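The values are calculated or read from the model by the stated rules, or taken from the named source; none is laboratory data. Computed from a prediction, not measured in an experiment: that's the story for all the values here. We place every Cβ from the backbone using ideal geometry, glycine too, and count neighbours over all the protein chains shown. Side chains included, ligands, DNA and RNA excluded: accessible areas come from the protein's heavy atoms. Shrake-Rupley method; radii C 1.70, N 1.55, O 1.52, S 1.80 Å.
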Amino acid sequence: MRQRLVFAALALWAGVAGAAITVVDDAGRRVALAAPARRIVSMAPHVTELLFAAGGGARIVGAMSYSDYPPAARGIPLVGDNSQIDIERVLALKPDLLVVWQSGNTARQLEQLRQLGIPMFYSEPARMDQVAGSMLRFGQLLGTETVAQAAAASFRARIAALAARYSKRAPVTVFYQVWEKPLYTLNGQQIASDAIRLCGGENIFAALAVKAPSVGIEAVLQANPEAIVGSEPHDASEQGLAIWAPYKTLLAVRQGNLFTLDGELLTRAGPRLPDGAAILCEKLDLARQRRR
């Protein structure tokens, strides 16, 4: 009897070990699960979109504020925002995987989450191909490889088509405006800058050390970009790109190259990036056509 129990225990252990899933996250850490994740808490809007694309939307039991795409994400219970996470609510959801965002979750929050002892995956795609890689790794963690592989292949095909069409065209210098009060932009490490490169653009502040630096109007005027790209204003209190109208000598103003789009399509490192990149590429090509 005892021998049978030993063999049974060994067989069970071997089965669990054989089913173990191990991936490396964007912080270079090994994330190991004994079985596919069933209850996931997403700590960033882009993570929520990636999990849905990888086939795991129904397994997200908690999310952060602004997790609003796809529409089904709006019904997921919220566990906090980028300034405060409700740790008790996270625990109550009994997750078997936490997917966190190092740039969007504070060090204090990340340490609190780490102490819970729940497996954590750090998501921080900085290049568009890394978005496809994220889908594949989430597919492994979820056991939804077939869905994830199809989503990643479609993503890569669309990006490759845009690169083939636009990346070798004459460069366009670009100022990307995140916010006007104060004036914020993005450096070359943010994924929107990768989209600018894909379209044959050059981010005038790519070399800055801070990922989302504050810059002065004078610095933009000195760089004199050919195009200025920014998000559509969310309400009447925002001026958006209208702040540049008085600067008639600015090349982007003279040429009429003040372009607005849905910023989330470019700044969220998620599956909709090809949509945003396609719009951006068309805008920058319009700037080329307006050259005198």
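Considering the conditions (1) of a type outside the set (A, V, I, L, M, F, W, C); (2) over 20 Å from the mean Cα position of the chain (by Cα); (3) surrounded by 15 or more Cβ atoms within 10 Å (Cβ to Cβ), residue 274 is excluded by exactly one of them, (2). Tell me which residues, restricted to segment 252-292, are in a strand (DSSP E or B), under 24 Å from residue 46 (Cα atoms) and among the hydrophobic types (A, V, I, L, M, F, W, C). Answer for segment 252-292, where residues must be in a strand (DSSP E or B), under 24 Å from residue 46 (Cα atoms) and among the hydrophobic types (A, V, I, L, M, F, W, C): 259, 261. Total residues in segment 22-71 satisfying the condition of being over 21 Å from residue 128 (Cβ atoms) and of a type in the set (Val, Ile, Thr): the figure is 6. The requirement of being within 17 Å of residue 269 (Cα to Cα), among the aromatic types (Phe, Trp, Tyr) and in contact (Cβ under 8 Å) with a residue 60 or more places away in the chain is not satisfied by residue 175.
Determine whether segment 233-247 contains at least one residue that is under 29 Å from residue 154 (Cα atoms), among the aromatic types (Phe, Trp, Tyr) and open to solvent by less than 60 Å² (accessible area, probe 1.4 Å). No, segment 233-247 has no match at all. Taking the condition modelled with pLDDT under 95 and either closer than 19 Å to residue 121 by Cα or among the aromatic types (Phe, Trp, Tyr) (or both), does residue 87 pass? Answer is yes for this residue. For segment 148-180, a tally of residues being under 17 Å from the mean Cα position of the chain (by Cα) and open to solvent by less than 40 Å² (accessible area, probe 1.4 Å) returns 6. The single residue among 250, 221 that is in contact with a helix residue (DSSP H, G or I) (Cβ under 7 Å, 6 or more places away or on another chain) and either modelled with pLDDT under 95 or of a type in the set (A, V, I, L, M, F, W, C) (or both) turns out to be 250.
Please verify whether residue 58 is surrounded by 15 or more Cβ atoms within 10 Å (Cβ to Cβ), free of Cβ contacts under 8 Å to residues at least 40 places away in the same chain and assigned to a helix (DSSP H, G or I), treating the condition exactly as stated.
Numbers: surrounded by 15 or more Cβ atoms within 10 Å (Cβ to Cβ): no; free of Cβ contacts under 8 Å to residues at least 40 places away in the same chain: yes; assigned to a helix (DSSP H, G or I): yes.
Judged against the criteria, residue 58 is not a match.
A single entry from 72, 126, 63 fulfils the requirement of being out of contact with any Ser or Thr (no Cβ under 7 Å at 6 or more places or on another chain), modelled with pLDDT of 95 or more and of a type outside the set (Phe, Trp, Tyr): 72. Listed by position, the helices (runs of 4 or more DSSP H) enclosed by segment 79-147 that each have at least 3 residues that are farther than 19 Å from residue 67 by Cα and open to solvent by less than 10 Å² (accessible area, probe 1.4 Å) are 128-142.
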